[in-house]
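Each remark here refers to the structure printed beneath this line.
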Amino acid sequence: MQTPLRGSAKQMMKKFPLFGLMIALLTLPTLAQVRPDAYRVGHKINIGGEYALFNSDYFQGNHSLNKSAFAIYGNYSILNGRWPVAGEINFSRMASDAPGKGSEYSLLVGPTIGHYYGRLKPFAKVGLGIGHFSLQGAPGQQLGTHLAIGFGGGLEYHLTNRITLRPLDYTYERWNFSPNALSPSVLGFGASYRIH
């Protein structure tokens with residue numbers, strides 16, 4: 001024996017999937033509302049250059065930032081809120097005025113992390129790569145390319161959406177250099193342009 005209540009319950013069960021689908025479709029536009037910028041995920045690519053003071057840790061005047069160097073860098077940033085993470089490629093070259101006209105350059109690749117405070121972004125970085133040393137008359141085992149690691153940090157100021165100033169960028173490097181390790185350091189300032 002079927003009661004009217006049971007019959008209406010069965011009819012409601014049959015109609016419920018259609019009713020549920022209709023409710024879901026009606027509420028879908030509310031999910032498309034603006035997401036807070038702090039949670040937006042995106043990316044950007046910057047290319048920049050720096051003028052730097054270089055301590056070669058080999059030539060005369062060790063342990064003072066007394067040599068000129070030029071650096072170029074590029075980074076790919078993942079913008080995940082206020083803690084952007086970037087991969088950075090940094091190339092710096094120093095030529096000495098010492099007899100023999102030696103030079104050092106390094107190419108480091110690694111992550112950078114920073115935190116935004118308005119337009120300012122202090123950052124820390126680490127890089128792994130190569131350091132190349134050349135000097136006429138230097139021992140053969142010192143010439144050539146060596147494994148290098150670098151640690152550093154600095155400060156960026158986002159002038160516009162495309163232009164970023166880097167008033168401070170310091171990197172301490174450690175090279176696998178015989179007979180002792182070589183520890184050049186670079187203190188630079190420059191700017192970058194966002195290409196994407």
**OP:** Can you confirm whether segment 41-50 contains a residue that is out of contact with any Asp or Glu (no Cβ under 9 Å at 6 or more places or on another chain), at pLDDT below 85 and surrounded by 12 or more Cβ atoms within 10 Å (Cβ to Cβ)?
**Re:** yes
**OP:** Mind telling me which of the residues Leu135, Leu155 ends up being at pLDDT 95 or above, of a type outside the set (Lys, Arg) and surrounded by 14 or more Cβ atoms within 10 Å (Cβ to Cβ)?
**Re:** Leu155
Original post:
Just a yes or no: is a residue in segment 171-183 over 13 Å from Phe91 (Cα atoms), in contact (Cβ under 8 Å) with a residue 12 or more places away in the chain and within 17 Å of the chain's Cα centre (by Cα)?
Top reply: yes
Subject >> Exclusive hit being farther than 17 Å from Val126 by Cβ, surrounded by fewer than 16 Cβ atoms within 10 Å (Cβ to Cβ) and at pLDDT below 95, set Pro179, Pro167 >> reply: Pro179
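The values are calculated or read from the model by the stated rules, or taken from the named source; none is laboratory data. Model, not experiment: these values are computed from the prediction. Glycine also receives a Cβ, built like all others from the backbone with ideal geometry; neighbour counts cover every protein chain displayed.
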